[in-house]
Every structure is written in C-alpha cells, then in structure tokens.
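Report on the structure given below.
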Amino acid sequence: MKPFAYQAPTTASDAVRQVADDPDAVFLGGGTNLVDHLKLGVARPGALVDVTSLTSAEITERDGGLLIGAGVRNSDLAADPRVRERYPLVAQALLSGASGQLRNMATTGGNPLQRTRCVYFQDVTTPCNKREPGSGCSAIGGYTRYHAILGASEHCVATHPSDLAVALTALDATVHLLGPDGERTVAFGQLHRLPGDRPDKDTVLDHGDLITAIGLPDLPMARRSTYRKVRDRASYAFALVSVAAAVDLDGDAIRDTRIAFGGVAHKPWCATRAEDALRGQTAGVDAFRAAAEAELADAAPLEGIDGGNAFKIPLLTRTLVAVLRELTGVNR
Amino acid sequence: MDAEITLRVDGADQPVTVDTRTTVLDALRERLGNTSPKKGCDHGQCGACTVLVDGRRVLSCLMLAVAADGAEVTTAAGLANGDLHPVQRAFIDHDGFQCGYCTPGQICSAVGVLEESDGELSRAEVAERMSGNLCRCGAYPGIVAAVEQAAGEQR
Amino acid sequence: MTGLLEPKAIGTDLRRRDGALKVTGAARYAYEAPVDNAAYAHPVQATIGRGRVTSVDTAAAEALDGVIAVLTHENAERLASTEDAELAVLQSGDVAFRGQVIALVVAETSETARHAADLVTVHYDEQEHDCVLDPDGELYKPDKVNPAFETDTAVGDVAGAMASADVTVEQTYTTAMYHNNPLEPHATTALWQPAGDGGDLTLWDSTQGVHPARSTVAEVFGLAEDQVRVVCPYVGGGFGSKGTPHAHVILAAAAARAVPGRPVKLALTRPQMFALAGYRTPTIQRMQLAANRDGVLSAIAIDVVEQTSRIKEFAEQTGVPTRTMYRAPNRRTTHRLAALDVPVPSWMRAPGECPGMFGPEVAMDELAEALGIDPVELRIRNEPEVDPDTGHPFSSRNLVACLREGAARFGWDERDPRPGVRLRDGWLIGTGVASSVYPVHQMPQSTATIRCEDGRYVVEIGAADLGTGTWTTLAQIAADALAVPVADVQVCIGDTAYPMASVAGGSSGMITWGSAVVEAAHAFREKFGDDPADGDEAEGSVSENPMAERYAMYAFGAQFAEAHVNADTGEIRVPRLLGVFAAGRIVNPRTARSQFQGGMTMGLSMALHETSVMDPRFGHVVNHDLAEYHVATNADVADLQAHWLDEHDDKVNPMGVKGIGEIGIVGTAAAVANAVHHATGVRVRDLPITLDKLLPHLP
C-alpha cells in the first residue's frame, strides 16, 4: 500500500474543493470498498478526504418521497420503517448484500459507487482495462461466472456489484451531487455507464463530485415491489443475477411496472424493453416470459475457462418470471 | 505518514501513533498489543476482525485507524468484564467454536446481533445475521444455539 | 490387548478447557507471540507460470524508510538441505509456478514491508507453462500414493465381469481443486538468538505438529534439533495444510537470521495462501461397477487421474477407500498423475477418502437406481465379511448398523424412490445417502511424561489442538489412566519443550498421543504407586500395536442429506444433513459432535460451493480470496446432526478410540449429490453442484 495523506475537512464544500483540486485525492466514506482496494493496490491515491460525517445521516420526507442523506448507513436505511413499508425492494436489496458488519459501515452515497468484483480487476498482476486502460481484458475467455451478458464491450465485461443500486435504478431515484461548480442532480439510471472504450470510468461523475443524498420518488407501486437475488451460497455472496421489480396492477392487468437487473451488466440494468412489453398486458407466465425475452434479445454470453456464462440467460428469464408471478399472484 | 490518535479500547484511552495506512485491526494487534480481534482475510470477507465501534459491530480490517480517532472500540476481551459476557458463556456451553480463531469476531458479531434485533429471532434469522462470520471448523449449529440462548437470557 | 481403560472421565461431556481463552481472544496464535520489537516480513511472488528470474531490482524497496532487508535468491543464505524443493526458498532464480516466492522484504512495520514488496521489480525469462489437468495428456504412475499405499491394485477380471453382468455403471466423476483455508492464515514468528547467545532458533509457528516442524526446519538449516524450539499452543485451523511446514516457515526463519536477536513476524495473506500453503488436487475418477439383478457386485474399479507439481510429488490416495468398502470378486484401483506447473498439493482433511468416496458413492446410487433397489439396502447387500483388500477380519465394522440407525433417525423408510416428483412451495425435494469410512492410523512415535506437582498430575506432550479438543480430551484420558478425577490433571501441549509428539494428521492424534499418555500413566503408577511425592515423574511411549497386522481397522459412517432445489432458479439448499458414525469410543461427546459436524459442514461446502478456479492462461487460482472462494456460511447450514454408535473395539488401542477428525467429511458430497438427483432427476457427476448444472433440466 502506497502512503497517503489523510484529510478531515469540516464541510462538504471544503471536501469537494480538496478533491477537485488534487487529481490524486479521493473521498473516504464507509471505506469498505476503498480500504480493500488500497490494500490490493487497485486504488493508489495520494490523499484521502474523509466525508463520513460531512453529509446528512438523516432520512427525510421530500415531495411525497424520501430524501436519504449520503451518510445514512446501509443497515439504518434497511431498518427504516418508511423504507420498509413504501419501498420494500430497497430494504430487501440492502439486506441481501454483504453482511451485518459491512452494512453498519457502508453508506448510501458510497454503496452505489463500489467497483466491480471482477477477479482480474482486483488482481494487479493480471491485465485489466478498467484498472489500467489499454492493458487488455483478462475476463474475456477467463472466469466469467460473475460477468456481463448485456451491454459489455470488447474492452470490459465486468458487472456492477451493488444490490442497492439495482433497486434504486428500478425506482428511478435521483442522485443529489455537490461538485466544484455547485449542486446538481442526476437520474439514478444515468449515474452508471456502460464500459464502451472507457471501462475505467464507472459513472458519469467528475473528479470531485460528491453524492450528498439519494431521493426516492413518490411511487405508490413501489409498495408492491421486491428484490430477488440469486447467488452461489445462501448468504454473503455477490449476485449471479438479481431482479428488482415493482408492479402497478389494475385487476389482473399490468398498468405499469419498473424492472431492473443486477449481476448482468457494467451498470444496474434498467429493463425498459421488458417494462414496455408488460404495460397493458394481462398478468401471466407467457407475458412475463415474453418480457424477459424482449429484454434479453441482445444478450451476449461469454465463453470462458469455467464453461462460460450463457446460463445467465435462462436464469434471469426464470428469475424475472418468478418475481413477477410473486408480485402479481399468478400461479406457476 | 504518521498520525497521533486516541482510541478508547475496552474502556481505556489509548493514545497511539499510527501510519495513515494502519487499520483499526492492525492498530489494535500490532501497536496496542490487543490481539483479541483476529485477521482472517484482511479484506472484509470473513468477519474474524469484528469489533464493536461505538456499540455497533463493524469490520476493523476495513476501518482506517486515523479515521477512527476518538472512537470507542470494544473487543471480545473487553466484553468480559471480570466475568464472561453471557454470549461468551453461551458459546462455551454450546461448543460454538473449535479452533477459536473466528471466535472473538463471532462473539462481537453476536453481541451486535442481539443489540440490533428488536424481536425474537428465528433460527434462520440468526443464521443469516451471523453469516458475515465464517467458521471453517463448521461450528455453526453451536453458534446459532449460543446466540439463541443468549437472546433468551436477554429477554 | 488386555481390555480397555475403565471409562470415567472418558465419555464425559466436558466443556473445553481453553474455552474462556478463546471466547475472549486471549489465546495467542503464532503471529500473536508475545515478543517485543518485532520486524515484519512480506513475500514477493512470481508473476509468471514458469521460467527464470533474470534480475531483481530492490533499490526502490531498500530506499524506503523502515526497510531492513530485501532477501532474494542472489543474497539469501544457502540452505543446508534443498532436497524438498517446496522449502528451498530463494536458492535459485527458477520459477516453478506462478505465486512462488522470489523475494522477501523485512521492515519495521507491516505497512512498510507490504509497500516495499510492491516496489520490488523483477524481470523474467518466461517459459511456456502447463496448468491443465488433462486425463488424455502426459501422465505417470507414482511409486506409491500418500502416505505409502500401493499405487495400483488388481484382483480378478473387471472387464470380464463388466461384460457379463446384469447391470453395470460406468461413469466418470470429478472433484474440484480445493483449498484448506483455515481461518487463521499460515503464520510464523521467528527469533534467532545471536551467535554469541547460542544461535538457537525459536519459531512460534501455526502448525499441526511442533516436533515434525522442528525436524524439517532443523534439516533445512543444518541445525541440531535441540537448537530449534517450536511453540504452538493454539492452531487456528489447519485441516492438513499446517501438517507440514510450507515455504513461509523457512522464509520467516531466514528473515530472522538477518536480524539476530529480533523477532520477525510473517503471515501469508489470504491470496498468498492459494499458492503457498498446499491444496487438494482436482481428481478425475473413472468408475466401473458390475452387479447381478440382486445388486450383488461382481466388480468394482476406480481409475484415478490427478495432478501434482513438477517440483514435488504429492499423490493423493483417492482410489484407496474403494479397496475396502464393498465386496466384489473382481477389483481394480489405479492412480495416475500429471506433473504440472502448479503450486504443490498437500494434505487436506481426509486426503484420499474425501474425494475418493465421491465417485464410488454416487456410482452406488446410480446402480441402486438402475436396479430398483433401495440405496441403503444395496450397500448392505455388498457388505464384506473380511477386508477385501487384505483378507484380514475387521477389528470392528459397523457400517450396516450406521446405515440402519441413520435411516431410522432420518425417516428414510418413507422415501419414494422416484426422482424429480416432489414439488413443495416452489422447491423440488429429494433425499440421498452415502457411506463414510476412515482408517485407524497410529503414528509410530510419541512420548508423554507425567509428573506429580502439588498433588496434581502434569501431563506433558508436544501434541496439538487445532480445535480438536486435545487440551480437554487428553486430560480425560490421563485421568482414567491414572484413575484420578479429571480436575487433578493438567495438560501441557504445543511446544517442543515437551516430549516428542507426532503430527495431528490422519485422525491419529488421540490414538497416538493418548496411547503414549496411557503408557506414561501405567509407568507412573508402577514406579510410584498410588501415593506419589511431588516431583515424581514417569515417561511412556506409544508402541506398535501387534493387532494392526492381524486386523483391518476402520471407522465407518452413513450420511443422509435432504436437498431442496428451487424449481425456478436451481438454487440448492440442504435443510437436513444427518450422520451416524461408528468410530470406537467417544472421549468427549461435546467436542466429538463438533468434530463430526465440522467435517460434515466442510463436506457440504465441497458439495455445493468450493472450487479453486485455476486460470491456465496465467497459472494461478483467480478466485483466491474468501469472497470468491466460497466456504459454507452459517446460513448454508440448517438442521445438521451427528450421532454415533457405542462401539467397543479392544483391538485398536487401550482407549478404544478410532479417530474422528476426518470421517465427517467423507461421503457428505456424495450424499448431497444423490439427494439433488432424487430431487430433480439430474445426475451431477462434477463437483461442485451449482445451479447452472441443474437449470437446463428444471421444469
């Protein structure tokens, strides 16, 4: 681990300025991802700017929805009665991620910014375009089980590991930012990007942009929502695939729906094709399957030393069908 | 780069000079001589380093000491205040460990679980909440029984 | 042998004597040795799969404040013995596998040591490496398999029996590459006294055997054994990987020699353990079973292919349990190895039996299905009267009783044999069974002393407690051998300052050390009677058991699993796992239950989760941490029960014990695989059983 300076400014705007002015500085939040990466040599900053106490740790009512301070710890967000009642998918996503200890540390602002768990990204002895642009992608033709089937590029096939981010994508949450030029907001679905030829950039944030809060919209259908994570062990594992979904039913007709996928792309995958295919349809297994197929029409599984990840297509299809069945009360 | 900080460890103020890179875990183990929390993976993947910071269970291997200046840290050593903590007694009663290496972390995690829960926990719920603490010896049945016993005593 | 010890303390459900130390974290492990002014060492690993180091640039590392030394093959001391290539560290620039240690930094703090290691620049002459285990590739026949079994055995005509049988099973099964992953990383604290002070070496090493570790280290450095002391009161798990010293022990000692009088601490990181601390070879098992319509076997054969490293052979005895399990007139077992550019494989819990009871026990399930015979009944029908391998009678063999007891406890009789027909709440449900076996191993040497101190009895022996309960159970044995209350016995273990003890391996600990303690107790009573004086001391050693030549000695067991497979996603859960074991007398039911359950949990983990993914392009295990190499979590284990039969065996040793550390993992994966088949109708022959292997066949 390379030495670094530690700075603890007293205001968020000071913190933003300190990072914006120093290309080698990064924000330190809950630390669960950054400290890991410092040890691995994946992150090599010259300075850490501690923001853990500089953003709100409160959840407040705002425009019929909720405004969650970036400093709210994952465990507190999952336990909030308003979140559990009005946005159950958020609580479920949080509780399906990491462990109790990590949820006590990780923050609302930091969680969506955690970086991929690609084993080659985390191993500085193997080429990786995300870590070292131009060095190559070792995951292509390698260990692909946790890698992308949607939206990948020849430069990077990594997936985004956050569960919370999948739920927030489905809800169309709002990201509140403080940057060197002041405050602004970004739609959560626009926060993360596909790898293209710049896999080193996970998000649209500029250096020095600090997430100060996440806004959950007034969305009544979110009360009928769920987060389903499929993984290789019963707990404490990253998603092979996950589905966040909310449904607005009119009798047995689907008036509206929100769907996002995790574990399958460089960003939480907003399943707009599936949503479009379902709106106005009668709830039923055939319609659910057709929606999954519409979304996965362009899926491109990888070949690898582990037999590849084509299994994610049927797995995600079946998981989406099961989730929609559960939310709409349709039998197998 | 060095920094002067103070950690309140198991009830006693401990001024200590740390490298900015030093984690709370290494500050405890390598600088303060408190080897109760263990290093199993050093990356937040096993739970052996679990301690209570300001009353909440956290992973000390992912917490930089310099950022924890002034924090109240409780290790499994500190939970035993003269007598063993009820959770510690329950672990012995149910043989909730073998090699003992993950045990201080399991104990701190269990104390945190009991603190976090506001109602009765099912067996499956205890197991899920304790899943951030790996035990390679496979003492899970004893660990769950111990947490259930301690929860019963707490009620 | 004249009767067994009268059990008073033996069989008592005592709490662990080291319990309070462990629940508070006061028990000190190797890295935590109470030394002052320690320096810290961090290895630098090769980043090529095979070749030669052409240059090492240590200037940047040495320039760092706080760096004491950087050892490389160019400046490290020449070792006295380089016979063991795994231990011949920094002796040449040759790279035999990716991850091999090519330099070592010693620094004032662990942070500095690690940073400096990153700054060491290495250039290589890289050669093509081969890390792919291919059964059709270049293979050889080892002289023996671990530890000294015949490589191949053959009786009768398997091919002829296969050709003429009513029913046959001929399938290939594979087990994955596994890493022991004890929670305590391999670690050593080393202190070399300055030459003026005798030049002796002290190692606080996480080891399953202080005396075997001492012998190895003494040989490598050309020291007399009494110049080396190894201390290890507590071991944070080992499961075989701490059974023999690995490279880091030599590195720590070499580093300490560079700073005489100053202790050096070296702990491998979790990723480093995947290259430097041993592992279980992947295995490919070609099985053949031939039977008549009644399920009576006419042939059983297993042909095993596995890997070893090019620099050091380890031949896992995967085919050996097939030699003993079932009766069949025609039999064959073979082992072939591929020598690859891979890390050195070694012991992992029940080497041989653990992987070697996967293929055969799934094949038996396949045979039962083909015949329409209950799989418990099929095993009972093939019960041998004598050991099929040696022709010797068994000292005791209660496999059938375990199967029957387990079936009754599990509710097996109500089982509908049809696969894939039980769907409840979205989960497909099935049950499966498999047998367990583990041999009774007694090591040739171990000595204990017993001394009277303040009216108490102090037992000293360099034994190990890796969570196995030795601190407590040896006291129970001594108490009964001396005929005193267990509270009057103090046990001292884990230090070469005590008499020589064998390695905690092969489930031999209690058998071997316990026998030495019994001998010492007898000697003590013979010498000093029932009213000894303070300071009276006697010694006893284990001696060869003449019965071992006349009887086949094994523990047996039966494991029953219930598997639930999610009909949508293929996720697999095992809500019930039940084992019944016949393993001689149980010294302490509390710690024994933990041992059995721990083995079964590791077997469950092997069945569903564990696999070390070797990327042949690079030559290393890419999922080399505990986030990606999955071991079972608490939530993966539900109703997991271990039971045992009261087994009286007066041939094995004076305690009547058979060893219980390993049998729990044997057969578990097969029981789970058989249950998954019963749930889904899908026969998975390649571990681990993951949802992608089931998905294409789900409704």
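The table that follows gives values for the structure above.
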read-out: Kirkwood Rh (inverse of mean 1/r, distinct Cα pairs), segment C:504-610, angstrom; value: 17.9
read-out: Segment C:585-612 and segment A:214-291: distance between their alpha carbon centers, rounded to Å; value: 40
read-out: Packing rank of C:431-437, C:360-366, B:88-94, where each peptide gets the mean count of other beta carbons within 10 Å, highest leading; value: C:431-437, C:360-366, B:88-94
read-out: Label point distance in nm, residue C:6-residue A:190, each placed 7 Å from Cα along Cα→Cβ; value: 8.8
read-out: Rg(Cα)/(2.2 N^0.38 Å) for the protein assembly as shown, N = residue count; value: 0.92
read-out: Per-residue [θ]222 nm for the protein assembly as shown (sum of -39500 (n - 2.57) over DSSP H runs n ≥ 4, rounded to 500); value: -7500 deg cm²/dmol
read-out: Lys pairs under 21 Å by Cα in chain A, provided they are eight or more residues apart or on distinct chains; value: 10
read-out: P(r) weight above 14 Å for segment A:58-137, C-alpha pairs, percent; value: 67
read-out: Ellipsoid equivalent to segment C:156-300 - semi-axes via the Cα gyration tensor, in Å; value: 49, 16, 11
read-out: Per-residue ³J(HN,Hα) for segment C:297-305, Karplus 6.51 cos²θ - 1.76 cosθ + 1.60, θ = phi - 60°, Hz, x for Gly and Pro; value: 5, 9, 8, 9, 8, 9, 10, 10, 10
read-out: Per DSSP, loop trypsin sites (Lys or Arg not before Pro) in segment B:14-53 with at most 16 further Cβ within 10 Å; value: none
read-out: About the Cα centre, charge dipole magnitude for segment B:86-154 (Lys/Arg +1, Asp/Glu -1 at Cβ), debye; value: 340
read-out: Percent of C-alpha pairs per 20 Å bin, chain C, short to long; value: 18, 49, 30, 3
read-out: Chain lengthening between residue B:69 and residue B:17 when straightened (0.36 nm per residue, less Cα-Cα); value: 17.6 nm
read-out: Long-range HN-HN contacts of residue A:27 with modeled amide H, under 5 Å; value: A:49
read-out: Reduced Cα scattering model of segment C:369-435, Debye log10 I(q)/I(0), q = 0.15, 0.24, 0.27 Å⁻¹; value: -0.61, -1.12, -1.25
read-out: Alpha-carbon centroid distance for the pair segment C:477-508 / segment B:110-155, whole angstrom; value: 34
read-out: Hull shadow area, averaged, segment C:1-116 [alpha-carbon convex hull, nm²]; value: 14.0
read-out: Trypsin sites (Lys or Arg not before Pro) restricted to DSSP loop in segment C:1-103 with at most 12 other C-beta within 10 Å; value: C:78
read-out: Partners for residue C:312 among lysines (Cα-Cα distance below 26 Å; same-chain residues under 8 apart left out); value: C:141, C:144, C:242
read-out: Extension gain from residue A:58 to residue A:21, taking 0.36 nm per residue of separation minus the Cα-Cα distance; value: 10.4 nm
read-out: Cut-off under 5 Å, modelled amide H: who pairs with residue B:32 long-range; value: none
read-out: Per residue Cα convex hull volume in Å³ - calculated over segment C:272-364; value: 82
read-out: Mean Cα-pair separation over length for segment B:86-154, i.e. relative contact order, pairs under 8 Å, 6 or more apart, %; value: 54
read-out: Separation of the residue C:138 and residue C:490 label points, Cα + 7 Å toward Cβ, nm; value: 6.0
read-out: For segment B:1-146, radius of gyration divided by Kirkwood radius, i.e. Rg to Rh on alpha-carbons; value: 0.98
read-out: Relative compactness, segment A:244-317, computed as alpha-carbon Rg over 2.2 N^0.38 Å; value: 1.21
read-out: In order through segment B:128-139: 3J(HN,Hα) via Karplus (6.51 cos²θ - 1.76 cosθ + 1.60), integer Hz, x for Gly, Pro; value: 4, 5, 9, 6, x, 10, 6, 10, 6, 6, x, 8
read-out: Residue-averaged beta-carbon neighbours from other chains (10 angstrom radius) around C:99-111; value: 2
read-out: Farthest positive-ward along segment C:500-569 dipole, Cα basis, beta-carbon charges - from C:557, C:538, C:500; value: C:557
read-out: Histogram of C-alpha separations across segment A:58-332, 5 Å bin width, %; value: 1, 6, 13, 17, 18, 17, 14, 8, 4, 1, 0, 0
read-out: Highest average packing first - C:626-632, C:84-90, A:108-114, Cβ atoms within 10 Å; value: A:108-114, C:626-632, C:84-90
read-out: Packing rank of A:296-308, C:468-480, C:526-538, where each peptide gets the mean count of other beta carbons within 10 Å, highest leading; value: C:468-480, A:296-308, C:526-538
read-out: Principal semi-axes in Å for segment A:1-136 [√(5λ), Cα gyration tensor, largest first]; value: 29, 20, 12
read-out: Alpha-carbon centroids, segment C:115-133 and segment A:114-166: separation in whole Å; value: 22
read-out: Cα-centre dipole for the protein assembly as shown with unit charges at Cβ (Lys and Arg positive, Asp and Glu negative), debye to 20; value: 1920
read-out: For segment A:30-97, with +1 on Lys and Arg beta carbons and -1 on Asp and Glu, the positive-most of A:56, A:70, A:34 along the dipole; value: A:34
read-out: Within segment A:58-332: Cβ-based charge dipole about Cα centre, in debye rounded to nearest 20 (Lys, Arg +1; Asp, Glu -1); value: 740
read-out: Candidates per GluC sites (Glu not before Pro) in segment B:102-155, loop by DSSP, up to 11 other Cβ within 10 Å; value: B:120
read-out: Amide H partners (placed H, <5 Å) of residue C:465, local residues excluded; value: C:235
read-out: Cα coordinate range in segment A:5-49, projected on the principal axes (Å, largest first); value: 29, 20, 13
read-out: In order through segment A:260-272: 3J(HN,Hα) via Karplus (6.51 cos²θ - 1.76 cosθ + 1.60), integer Hz, x for Gly, Pro; value: 9, 10, x, x, 10, 8, 5, 9, x, 9, 7, 8, 5
read-out: For residues of A:156-166, the mean tally of beta carbons on other chains within 10 Å; value: 0
read-out: Kirkwood hydrodynamic radius of segment C:216-310, from inverse mean 1/r over distinct Cα pairs, in Å; value: 17.7
read-out: For segment C:652-699, the fraction of alpha-carbon pairs in successive 5 Å shells from zero, as %; value: 5, 18, 22, 15, 10, 8, 7, 7, 5, 3, 2, 0
read-out: Kirkwood hydrodynamic radius of segment B:86-154, from inverse mean 1/r over distinct Cα pairs, in Å; value: 11.5
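No lab work stands behind these numbers, since they all come straight from the coordinates. Because the structure is predicted, anything quoted here is derived from the model rather than measured. Cβ: placed from backbone, ideal geometry, glycine included. Neighbour counts: every protein chain shown.
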